[in-house]
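Every read-out reported here was derived from the displayed coordinates using simple, explicitly stated rules and does not represent laboratory data. Since we're looking at a predicted model, the values are computed, not measured. Don't worry about glycine lacking a Cβ; one is built from the backbone with ideal geometry, like all the others, and counts go over all protein chains shown.
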Amino acid sequence: MRGRPRLFGHHAGAKRVREIVEACPSAGVKFLTIFAFSTENWKRTTEEVLGLMAIFSRYIEREADRMAAESVRMRFIGDRSMLNPRLKRLQTSIEQRTSTYSRLNLTVGINYGGRDEITRATRDIARAVAEGRLKPEQITDELISQHLDTADLPDPDLVIRTSGETRTSNFLPWQAAYAEYEFTETLWPDFTAEHLADIVARFARRERRFGGVLPA
């Protein structure tokens, strides 16, 4: 997408989501989380931000029937307070419409940032302590997880970073503490079902220890 307007790449990226969603069940992927717009992305130009928000709204509208037909449950993580009313209505609508499906769980991060998420969770817990509903010694890893946007989702096993970047970019820092990472040079608009299948196959061959050691 080099040499083309940035929104051209965003449109292509949105179209790529459909192919990857369709490929997940056959690849053995039950939960898919896509990072669409970070809390830092507001620093981009007004034109690009508005264009992205329009793309998100159109995607939800166009894909709602397909999600339902393919039994895909769709959810969103991130702070919705800064999103426009139309987008928030569409998010709520598709979440409610697909809430009973489970063939694939698709989660999309819009205005999501890991530090922001942890900050919001910490504020909720601090309020509970201040109001006497919770004692400090009752705060555990599990309690913090319950206050995150992903409270009803499992922690990720695998995080794929496209586009040749080797940073995690504030994506699920708490949840991905023991996730396996794959970094690929492939741009997201070029990331195909074949790329996904290859990475999942490599992941299946990894030995995961979760901080421990493998048995002798």
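Give me the extension gain from Arg86 to Arg58: residue separation times 0.36 nm, minus the current Cα-Cα distance, reported in nm with one decimal.
Roughly 9.0 nm would be gained on extension.
With +1 on the Cβ of every Lys and Arg and -1 on the Cβ of every Asp and Glu, and nothing else charged, how large is the dipole of the chain about its Cα centre, in debye rounded to the nearest 20? List each step's numbers first, then the result.
Values: 33 positive and 30 negative charges, 102 e Å.
Once rounded to the nearest 20, the dipole reads 500 debye.
Using the beta-carbon distance between Phe183 and Asp124 and R0 = 45 Å, what value does 1/(1 + (r/R0)^6) give for FRET efficiency, to the nearest 0.05? Intermediate values should be presented prior to the final figure.
Numbers: r = 33 Å, r/R0 = 0.74.
According to the calculation, E is roughly 0.85.
Say a paramagnetic label sat at a point 7 Å from the Cα of Lys15, along Cα to Cβ; which residues of the stretch 169-207 have their backbone N under 15 Å from it?
Only 188-193 fall inside the zone, counting backbone N under 15 Å.
DSSP beta bridges in the chain, what fraction antiparallel, as a percent rounded to 5? Spell out each step's value before the answer.
Values: 0 of 17 bridges.
Around 0 percent of the beta bridges assigned by DSSP in the chain are antiparallel ones.
Considering only Gly78, Gly132, Gly113, give the residue with the highest GNM mean-square fluctuation for the chain, with springs between Cα atoms whenever their separation is below 10 Å.
Gly132
Trypsin sites (Lys or Arg not before Pro) within the stretch 71-129: which are DSSP loop residues with at most 16 other Cβ atoms inside 10 Å?
Answer by residue number: Arg103.
Cα-Cα pairs above 26 Å in the chain: how many percent?
41 percent
So if each residue of separation counts as 0.36 nm, and I subtract the Cα-Cα distance between Trp42 and Asp198, what length gain in nm does that give?
52.8 nm is the gain from fully extending Trp42 to Asp198.
Obtain the nm distance between the two label points defined at Ser99 and Leu134 by a simple spin-label model: each point lies 7 Å from its Cα along the Cα-to-C-beta direction.
2.3 nm
Is there a quick way to get the dipole size of the stretch 1-105? I mean about its Cα centre, with the Cβ of Lys and Arg at +1 and of Asp and Glu at -1; what is the value in debye to the nearest 20?
100 debye
I want to verify a result. In a Gaussian network model of the chain, Cα cutoff 10 Å, which of these has the top mean-square fluctuation: Leu52, Leu153, Leu143?
Per the Cα network of the chain with a 10 Å cutoff, Leu143 tops the list.
Trypsin sites (Lys or Arg not before Pro), restricted to the stretch 131-216: which are DSSP loop and have at most 15 other Cβ atoms within 10 Å?
Arg133, Arg167, Arg205, Arg206, Arg208, Arg209
Among the GluC sites (Glu not before Pro) in the stretch 130-177, which ones are in a DSSP loop with at most 15 other Cβ atoms within 10 Å of the Cβ? Mind listing them?
Loop-located and lightly packed - Glu131, Glu165.
If you wrap the stretch 73-170's Cα atoms in a convex hull and average its projection over all directions, what's the area in nm²?
Seen from a random direction, the Cα hull of the stretch 73-170 projects 8.5 nm² on average.
Among Ala204, Leu106, Gln175, whose Cα lies farthest out toward the positive end of the dipole of the stretch 93-216, if unit charges sit on the beta carbon of Lys, Arg (+1) and Asp, Glu (-1)?
With unit charges placed on the Cβ atoms, the residue in question is Gln175.
Given +1 on the Cβ of Lys and Arg, -1 on the Cβ of Asp and Glu, and no further charges, what dipole in debye does the stretch 23-77 carry about its Cα centre, rounded to the nearest 20?
About 180 debye.
Give, in nm to one decimal, the length gained when the segment between Asp155 and Arg115 is fully stretched (0.36 nm per residue of separation minus the Cα-Cα distance).
Between Asp155 and Arg115, full extension yields 12.8 nm more.
Give the relative contact order (percent, whole number) for the chain; include only Cα pairs under 8 Å separated by 6+ residues.
23 percent
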